[in-house]
1. Among the residues of segment 229-243, is there at least one that is in contact (Cβ under 8 Å) with a residue 12 or more places away in the chain, within 16 Å of the ligand (Cβ to nearest atom) and surrounded by 14 or more Cβ atoms within 10 Å (Cβ to Cβ)?
2. Is it the case, given these coordinates, that Glu254 is assigned to a helix (DSSP H, G or I), in the same structural domain as Met160 (by TED's automatic domain parsing) and more than 16 Å from the chain's Cα centre (by Cα)?
3. So is Leu221 within 16 Å of the ligand (Cβ to nearest atom) and in contact with a Gly (Cβ under 7 Å, 6 or more places away or on another chain) or not?
4. Does any residue of segment 16-34 turn out to be over 19 Å from Asp132 (Cα atoms), charged (D, E, K, R), free of Cβ contacts under 8 Å to residues at least 24 places away in the same chain and touching a helix residue (DSSP H, G or I) at 6+ places or on another chain (Cβ under 9 Å)?
5. Within segment 101-129, can you find the residues that are touching a Ser or Thr at 6+ places or on another chain (Cβ under 9 Å), part of a loop (DSSP other than H, G, I, E, B) and within 24 Å of Val48 (Cβ to Cβ)?
6. Please pick out the residue among Arg180, Arg203 that is within 16 Å of the ligand (Cβ to nearest atom) and not polar (S, T, N, Q).
7. If you take the residues in segment 102-128 that are touching an Asp or Glu at 6+ places or on another chain (Cβ under 9 Å) and of a type in the set (Val, Ile, Thr), which one is nearest to Val156 (Cα to Cα)?
8. Out of the residues in segment 186-227 that are crowded, with 18+ Cβ neighbours inside 10 Å and in a strand (DSSP E or B), which is farthest from the chain's Cα centre (by Cα)?
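The values are calculated or read from the model by the stated rules, or taken from the named source; none is laboratory data. Fair warning: this is a prediction, and the values are worked out from it, not measured in the lab. FYI the Cβ positions are ideal-geometry reconstructions off the backbone, even for glycines, and counts take in every protein chain you see.
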Amino acid sequence: MKDLSNENIIHIQKEDIEYIQFRKLLKYKEIAHCYTLKKLDFGFHQNVEKYMGNVKTNYDKICKEIGIERRDIVRPIQTHTNHVMIVEEKVNKDEMDICLNVYQDMDGVITNKSKLALSTTNADCILFLFYDPVKQVIANAHSGWKGTFSKIAVEVIKKMEETYHSDPRDIICCMSPSIRKCHFEVDDDVKTLCENIFQYTNRLEEIIKLGRIVEGKQKYLIDTILINQILLEDMGIKTENIIDSKICSVCESEKIHSKRASGTNTWGLGTAIIELR
Ligand SMILES: [Zn+2]
């Protein structure tokens, strides 16, 4: 069984459950967190009614494993926006807040309340877990290339500052497994968009590399992790507080849900969860 552990994460493998945790977050006993791997699927596959039972069972398993309650789960309806919201109270008392209209078009959730287990999902996109140990604020955000280009990580930090007076110098930001520069191949349109948005960083040569030529068309490889590192540092997050899992979801698609590696219209979803106990 391949072990994905590295200096930033530990990989826990059990018979019917598998997940990673960030070493830096494990130092804080007041929070629970994880990112789940392929043995658990949190996807609804366009049929919420059919798959809700399966998703509930899988939340049960992972919540029990990390010592939280399933009914604490708050999962927004992600649509690749840069919208983030503060959540201080759940809608449902005894059941998860999942796929509820109040969370429509929200790709990030933030709270300073305990017993709210923020959960986002991915299959190649980046999931960010934020923690401010001084003000006791957590956030969880989903950022594919669209979220990265519209700078959702910046929106999260701004809202943590505005609402809870977080100091960026205190904030820890962890990045889940996601599609990396080795596999994030795009066409000219996305590359041009990237150039236009991130020209100002003067780091386009590092961000965009030439990829393959497919059917006479040049492809490009984009480093969305680097873009987000730059965005986070520009917001005042300390370099040592930006913790990358260093795992490509396509390279490790045997273990990790990956839309691109699936090559089909069906793929599962992993989830990142964070809760203040
Ligand atoms: Zn890769």
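1. Checked segment 229-243: no residue is in contact (Cβ under 8 Å) with a residue 12 or more places away in the chain, within 16 Å of the ligand (Cβ to nearest atom) and surrounded by 14 or more Cβ atoms within 10 Å (Cβ to Cβ).
2. No; evaluated as a whole, the condition is false for this residue.
3. Details: within 16 Å of the ligand (Cβ to nearest atom): yes; in contact with a Gly (Cβ under 7 Å, 6 or more places away or on another chain): yes.
The answer is yes for Leu221.
4. no
5. Correct list: Asp105, Met106, Asp107, Ala123, Asp124, Cys125.
6. Of the residues listed, the single one that is within 16 Å of the ligand (Cβ to nearest atom) and not polar (S, T, N, Q) is Arg180.
7. So, considering only residues that are touching an Asp or Glu at 6+ places or on another chain (Cβ under 9 Å) and of a type in the set (Val, Ile, Thr), the one nearest to Val156 (Cα to Cα) is Thr111.
8. Gly211
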